[in-house]
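Scroll down for the structure; my scribbles are underneath it.
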Amino acid sequence: MSDPDRAFVRTFLATAFAAIALWAAPIVATDAYGTFRAMGVPTSDWPTRAWTRVAAAERLIDPRCDVVLLGTSQVVFLYGVEPFEVNGLTFCNAAMGGGTMAEMEAAARLLVREGRAKRVLLFLDLLMFHDGRGYREDFAVSRMQRSRSTLTYLAWNATSWGAFVETAHAYGFESPLWARDHLDPAPHVAVHVSTKGFLHRQDLLRSFDTIDDSLDALRRTLRILSRGQREVLVALPPIHAIHHENYRTTGLWTLYGRWKREVAGVLAQADPPVRAWDFQRYHDPATSPLPFDRFADLNPWWFDAVHPSQAMGKAVLSRIGDDLYPRRASTPWDRDFGVPLTPASAEADLARREHDRTRWMVEQPTQIAVYRQLVATVLQERPELAEEWDRHAQALGQTAEPIAPASHLSQPPPPRRRR
């Protein structure tokens, strides 16, 4: 090899090495995987799902925490990401957007192994029990998956299209895929966009044929925490009545009922039994009007139909606290807000949910009319979804039915009693 050729090879190798070093340095500096136990940049600032799991892992083992919150993006919206104090206890939010029961199980193992918190408030939602979402790239490369090597972690983050899209979106660059599926030029910013996005999400709905593996993961999670001498409290986080309609439209209504019944049974059979509260009913906040038509004047309880606000988060903790410390209870709660979840209460809720839905449609006819129009718009854009939803409903045992118009309903019954 001639001298010019050797010089070229040396220059090429040096350039390649420098490029790799520039790519890897920020990741190694933040030490997301945890190999070096040092963080040059706070992990919560990194705008990808994988890094949100790393941040969640950090909160699980934070020595300041007395209570750890686990769940999905609903819990992030309820309580934010920073630790906060209530009655002298420090709460740390280790919730993960799009979280699954497989991830909750891993979080429980990490908490018992390395964390200090002795109480866990676990928020359970139907979408966490999608067995098809049990394995996720953003989970596999997070710190809670210790079997991954640092090299694998770096490689998966570098080649993750989802991480690239989320990073680009976080910095203001909207990909065509994101724009087509989730955005709309109309000024229906929060509620309109998120509801439409859910209806478009066939990747979420497909393969939602069973929740059995996730129920087993819940049982294991409870055993892990019990054996680790952690007290467990469970809550079903609030969802708006509009999201109940999403379940009905996409064929998940029957499965949702089965899920609530099964979860109540698992919690009752746990050793020791787990105290739980059901906030997923047609209570006052859940049936309050959502502002489909504008972003201003938002309903104070909701960011959108799935994600409650921090005002709701405070109400949820107050409701649970009133049951845990009844001598301090003073709030006249809606009788359906935070009902203790048992097999009997779940059956009672399922028996009356059609009545409660009808009541809401009578009291808020504009809401159901706007929602129905939104569904029609989605079907105009993607007419194949009608058959997809119908097949999905039949596979899950739900009888397909159109959304009933609100105009034919009778006058509203008397207002709900408060306890």
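Just so you know, all these numbers are worked out from the coordinates, no wet-lab data involved. Just so you know, these numbers come straight off a predicted model, no measurement behind them. Counting neighbours? That spans all protein chains shown, and the Cβs are built from the backbone with ideal geometry, glycine included.
One table, with the values for the structure above:
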| read-out | value |
| --- | --- |
| Förster-model FRET efficiency, 22 Å R0, Asp323 and Asp66, C-beta, rounded to 0.05 | 0.75 |
| Potential lengthening between Arg113 and Glu384 on full extension [0.36 nm per residue; Cα-Cα distance subtracted] | 92.8 nm |
| By average C-beta atoms within 10 angstrom, highest first, the peptides 362-370, 344-352 | 362-370, 344-352 |
| Förster radius 45 Å - calculated FRET efficiency between Arg261 and Thr15, Cβ distance, rounded to 0.05 | 0.15 |
